[in-house]
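In what follows, a single structure is set out as structure tokens and then discussed.
Please treat every number below as a calculation from the coordinates, not as lab data. Since the structure is predicted, the reported quantities are computational estimates derived from the model, not experimental observations. Cβ placement follows ideal geometry from the backbone for every residue including glycine, while neighbour counts extend to all protein chains displayed.
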Ligand SMILES: Cc1cc2nc3c(=O)[nH]c(=O)nc-3n(C[C@H](O)[C@H](O)[C@H](O)COP(=O)(O)OP(=O)(O)OC[C@H]3O[C@@H](n4cnc5c(N)ncnc54)[C@H](O)[C@@H]3O)c2cc1C
């Protein structure tokens, strides 16, 4: 029997196991998934928890429930990979041999990496919403907040779902307005980028939306530390941003076992070929989803499109054939903008988000880079698609490669000519 071992039973790992279970011969292959616990979190739902729109019960389910019968789930903390021996060691002493390994252990927020963040003010005036307990604690803090300086902050890029802090800002601004206290709150968005987003057209659009909502934007802010006593963010170039309530996105890093296994870069992400997702160091190791170092957004949608390409490639690779699929970095993300509306952005390695319609060119019903009610309903519906279609590995009628059809392409836009 040949052994496929998938590290991480989150978005990417679950889809991979379920899709390959349908395609690999059960007489010749075993598929094992390893995760530290049996709680699968729908992470996009964290955004809504501070506002009481989703409860934890709506966004957490058992991993067992989503893995096909015949896929083994091993629960345990991964300690290290020993690639030369083709073995993964767990912290409790168990070891798992493999022929092929997929690393899909994602990234997590690391407040310990910014001096002062985890000090006395953590979960008192400093919060995150990139964890479920963080999002719940933030909800408590917001309910008692009625005036002062509310700062939304990104420590460093890349972070998963790079639009989530913008979405939080739009939602909290609308929420303050609804409560009639918007004029008592100074709202500031602090980013290490030179604008609201990573790509020019979307950055200008989203930056304009922050200005319209009277949100101060502080750019190029590389945080050096937080002074919890004075409640200020301090940057390397000695600027300071004071806060009464700080909503931060801490540095996002891959799992520590990746570093211990000498498989990662400085953020513990695994270097891979950006088109095949095969490790640059080992011919039998892939990394998919947030855990890899590909220059695409770290997002569930990217994981999904990448898995579509990976599955056929894996079958070719395991059969000793060249891999013919090429992942183009395709991402699409809803961006909640408050007041029951959202935008949608669709882009890849080479083409930035552009206005237009999606998924049907010229028809939609979703609007790219425009705020609509249909987009917001699409975002809410996505939770059901995630649980019932994506995770079980059912086909989704969306092409993995990004298309330019229906998009308004400016003459000077950066685009992938093949797209
Ligand atoms: C607030 C927020 C909003 C988001 N919104 C969106 C959105 O609107 N659209 C979108 O596309 N994406 C969104 N995302 C991003 C999306 O959730 C992730 O990109 C996606 O889950 C990545 O999938 P993954 O499989 O790579 O990692 P994950 O789903 O994070 O899975 C990694 C798994 O590895 C396990 N693991 C890690 N280390 C170990 C270890 N040492 N031992 C054992 N197990 C381990 C973890 O327990 C976890 O189950 C959002 C994320 C956040 C935080």
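Shape class for the stretch 331-419: oblate, because the ratio a/c of the largest to smallest gyration tensor axis (alpha-carbon atoms, square roots of eigenvalues) is 1.5 or more and b/c is at least a/b. Listing 187, 210 from fewest to most neighbouring C-beta atoms within 10 Å gives 187, 210. For the stretch 1-74, the spread of Cα coordinates along the three principal axes comes to 49, 21, 16 Å, biggest extent given first. Estimated at 0.36 nm per residue, the fully extended path between residue 37 and residue 141 surpasses their Cα-Cα distance by 34.6 nm. Neighbour counts of other Cβ atoms within 10 Å put 71, 409, 6 in the fewest-to-most order 409, 71, 6.
Among 224, 352, 238, the order by Cβ neighbours within 10 angstrom, fewest to most, reads 238, 224, 352. If you look at the Cα atoms of the chain, you get an Rg and a Dmax of 21.4, 66 Å. Normalised Debye scattering of the stretch 111-251 at q = 0.10, 0.13, 0.16 Å⁻¹ gives log10 I(q)/I(0) of -0.29, -0.51, -0.80, counting only Cα atoms as equal scatterers and leaving out solvent. By DSSP, the beta bridges lying fully in the chain are antiparallel in about 50 percent of cases. Helix 300-318 and the longest principal axis of the C-alpha atoms of the chain enclose an angle of approximately 10°. Give the shape of the stretch 262-406 as rounded, prolate or oblate, defined through the alpha-carbon gyration tensor: a ≥ b ≥ c are the square roots of its eigenvalues, a/c under 1.5 means rounded, and otherwise the shape is prolate if a/b is larger than b/c and oblate if not. It is prolate, given that a/c is not under 1.5 and a/b is the larger ratio. Rounded to the nearest 10 degrees, the inclination of helix 164-178 to the longest alpha-carbon principal axis of the chain is 40 degrees. Our note on the geometry: Cα centres of the stretch 179-218 and the stretch 328-360, 18 Å apart. Taking the C-alpha atoms only, the angle from helix 11-23 to the longest principal axis of the chain is near 30 degrees. Averaging the sequence gap over all C-alpha pairs within less than 8 Å and six or more residues apart, then dividing by the number of residues, gives the stretch 111-251 a relative contact order of 37 percent. Of the beta bridges DSSP finds with both residues in the stretch 111-251, what % are antiparallel, to the nearest 5? In the stretch 111-251, approximately 30 percent of DSSP beta bridges are antiparallel ones.
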